[in-house]
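For reference, the structure discussed in these notes is given below.
The values are calculated or read from the model by the stated rules, or taken from the named source; none is laboratory data. Values in this document were obtained by computation on a predicted structure and should not be read as measured data. Here Cβ is always computed from backbone atoms with ideal geometry, including for glycine, and neighbour counts include all displayed protein chains. Please note that ligands, DNA and RNA were not included when accessible areas were found on the heavy atoms of the full protein model with its side chains. Shrake-Rupley method; radii C 1.70, N 1.55, O 1.52, S 1.80 Å.
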Amino acid sequence: MIEYKNVSVSFGKFNVLSNVNFHIKKGDFFHIVGPNGSGKTTLIKTLVGLLKPNDGQIDINTKKLGYLPQKLNLRNLIPMTVQEVIYSGFEKPKLFPSKAECDLIKSWLKKMEIEELFDHSMNYLSGGQQQRVYLIRALISEPEVLILDEPTSALDPSFREKFYILLHEIQQKNKTTIIHVTHDLTDAIKDNCTIMFVDQSIKFIGSYADFNQFEHRGHHHA
Ligand code: ADP
């Protein structure tokens, strides 16, 4: 479904990603990990088309992408209500959502435990509440590929766990391909996922069990 062939990205003389090769199959749960500044967000930006690689080729076999960016510009004032932000993530939004669309938005707000916020202005929400709204926006049109860049950074730990359970349910139900950038794999891991460790290039790609061995070998100082 997605294939990277010898992809490199640099900013001026600074090589952020060199010769990146990997592929992701339909229905994969694909975690991207790596230290700060290792190029994870840069990689995601090439995937969603926000950044053009200097070299190499990226093949993507779908147009139905859902994307939750890492930086939500939470400090910017957004003169929109919660339902307007979510509705803007629909495939073909009209001027106003229909009754059925409103009901769908409400059911998602309930799942994310923020049903009371439907008509609230985005400006007055906490960081965690805003993150939940943007998560709904990414999920609601049931994309074939869901790209989440540190989706739980602003969520509290108890909700984080629920969120990953929900994500695994969505993946099972819709065969969604999920690409997940994270610092913390603890809540996110299930069997049959793939982990890719990036640090300018790909240092590891494989199962969670093999990843643990890779960590034990002390890759950080290799
Ligand atoms: P990560 O997501 O793994 O923390 P990033 O992909 O955000 O890492 O950044 C990788 C490196 O590229 C960092 O050193 C960052 O400073 C640099 N970088 C990212 N975007 C730009 C840019 N637009 N111009 C110059 N340098 C950038």
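Summary of values
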item	result
Mean separation of Cα contacts under 8 Å, 6 or more apart, over the residue count of the stretch 89-222: relative contact order %	17 percent
Heavy-atom SASA rank of 147, 189, 60 (probe 1.4 Å, accessible area, largest first)	60, 189, 147
Reciprocal mean inverse distance between Cα atoms of the chain - Kirkwood radius, Å	18.5 Å
Shape call, the stretch 32-73: gyration tensor on alpha carbons, a/c limit 1.5	oblate
Length released on extending from residue 1 to residue 63, taking residue separation times 0.36 nm less the Cα-Cα span	21.2 nm
Heavy-atom accessible surface of the chain: percent carbon and sulfur, 1.4 Å	49 percent
Geometric extent, Cα atoms of the stretch 36-131 - Rg, Dmax (angstrom)	16.4, 48
Calculated FRET value between residue 116 and residue 90, using beta carbons and R₀ = 25 Å, to 0.05	0.70
Average accessible area per residue (Å²) across the stretch 76-158 - probe 1.4 Å, nucleic acids and ligands excluded	51 Å²
Taking the stretch 148-222 and dividing mean pair separation by its residue count, relative contact order in percent (alpha carbons under 8 Å, at least six apart)	23 percent
Cα-Cα separations in the stretch 100-143 greater than 13 Å, expressed as whole percent	51 percent
Longest exposed-site-free window of the chain, the sites being trypsin sites (Lys or Arg not before Pro) in a DSSP loop that have at most 11 other C-beta atoms within 10 Å	95-174
Dipole of the chain, positive end: most advanced residue of 95, 202, 107 [Cβ charges, Cα centre]	95
Helix-only mean residue ellipticity at 222 nm for the chain, each DSSP H run of n ≥ 4 adding -39500 (n - 2.57), per residue, nearest 500	-9500 deg cm²/dmol
Lys/Arg +1, Asp/Glu -1 at C-beta; the chain dipole; positive extreme among 20, 182, 165	20
Cα-Cα P(r), the stretch 114-198, percent of pairs per 10 Å interval	15, 50, 30, 6, 0
